[in-house]
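Report on the structure given below.
The values are calculated or read from the model by the stated rules, or taken from the named source; none is laboratory data. Predicted, not measured: the structure shown is a model, and the values here were computed from it. Don't worry about glycine lacking a Cβ; one is built from the backbone with ideal geometry, like all the others, and counts go over all protein chains shown.
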Amino acid sequence: MRAAMATAEVDDDVLGADPTAVRLESEVATIMGKEAGLFVPSGTMGNLISVLVHCDKRGSEVILGDNSHIHIYENGGISTIGGVHPRPVKNNDDGTMDINSIEAAIRDPRGEIVYPTTRLICLENSHANTGGRCLSAEYTDKVGELAKKHGLKLHIDGARIFNASVALGVPVNRLVQAADSVSVCLSKGLGAPVGSVIVGSKSFISKARILRKTLGGGMRQLGFICAAAFVALKENVAKLEGDHKKAKMLAEGLNQIKGLRVNVAAVETNIIFFDILEGSKLTAEKLYNNLEEHGVLVMPEGPYRMRIVLHHQISSSDVHYTLSCFQQAFNGVHEENGNQV
């Protein structure tokens, strides 16, 4: 990636003249089956721009999952910057929202004197907070049909859309066929140092380009960053299946450790959530500190809940090492408890 960055052909992307950025945007759009694309510095900005393009009037409302990334982890940007009101619908354990619940959340236009106006539905695939669960093409189609029925748009937060494609064995363009726009992250499972590409119609991207500049996301010689993303796109998609297999292996190993509980069946991609059982004398914070001392980085999600995400630079031997670190941490607690007794 660094070699590609050093030799990248560049120009002024704010003026639309950077050839490497243009090629990357076109490539991602083609892969996704959409007309055009736009590189943005982050997935958060990609989602924000997409929502604001679709909800171009303040007081618009977007229906989205109560456990979705846009709703929880993006600083409420759609509200604070765009004046867009979120209408959360409960996410199921598999990352979906009930179709009937989505339809029930759509505002009756006859009540616009008092209600916000529903203009957009957002999905997330794979769904990070439910453990990287994958939304099927059939489910997404149903949501798309519902959106069209009510004159709404559909946006997909596809931060890990390639993971979903590989896990489901379905071409990525099929997974987003029903969507009016998609935010595609290149810096997560694919391993680029930075960046996402949003895709949609030519008119959508024209509006998105203006908003990107407004938000400070317009950059000049962008090609050197896009060159690294090209490498990620070309070389690392094929590695995702291995990430998923290693995640499954790690989940199965963790579930065998006394004091931990993992829903192994729910591990579909590269994300694992696990719970520390009561009585183990370990909290997520204590376990985090213990693992960090051994070079294993995980993310606490609550007092007794943690998250692990794998990527292509994690080897099978790294998985075995990680399991040994977990085992030592819990063995140490058991020994300490025994000494106290």
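Couple of notes before you dig in:
One line per residue, one yes/no per condition, for (1) modelled with pLDDT under 95; (2) buried (at least 20 other Cβ atoms within 10 Å of the Cβ); (3) assigned to a helix (DSSP H, G or I):
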| site | (1), (2), (3) |
| --- | --- |
| 177 | no, no, no |
| 184 | no, yes, no |
| 189 | yes, yes, no |
| 210 | no, no, yes |
| 232 | no, yes, yes |
| 243 | no, yes, yes |
| 250 | no, yes, yes |
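- Subset of the stretch 58-76 (residues that are touching a Ser or Thr at 6+ places or on another chain (Cβ under 7 Å) and either over 18 Å from residue 185 (Cα atoms) or polar (S, T, N, Q) (or both)): 59, 60, 61, 63, 67
- Scanning the stretch 107-136 for residues that are buried (at least 18 other Cβ atoms within 10 Å of the Cβ) and not in a loop (DSSP other than H, G, I, E, B) yields 118, 119, 120, 121, 122, 123, 124, 127, 128, 129, 130, 133.
- Of 144, 191, 169, 218, all but one fail to be out of contact with any helix residue (DSSP H, G or I) (no Cβ under 9 Å at 6 or more places or on another chain), small (Gly, Ala, Ser) and touching a residue at least 24 places away in the same chain (Cβ under 8 Å); the exception is 144.
- Any hit, the stretch 74-81, residues being crowded, with 24+ Cβ neighbours inside 10 Å and at pLDDT 95 or above: yes
- Pick from the stretch 21-59, criterion among the polar types (S, T, N, Q) and surrounded by 20 or more Cβ atoms within 10 Å (Cβ to Cβ), ranking: nearest to residue 124 (Cα to Cα): 47
- If the condition is being surrounded by 19 or more Cβ atoms within 10 Å (Cβ to Cβ) and at pLDDT 95 or above, then the stretch 258-283 contributes 260, 262, 267, 268, 269, 270, 271, 272, 273, 274, 276.
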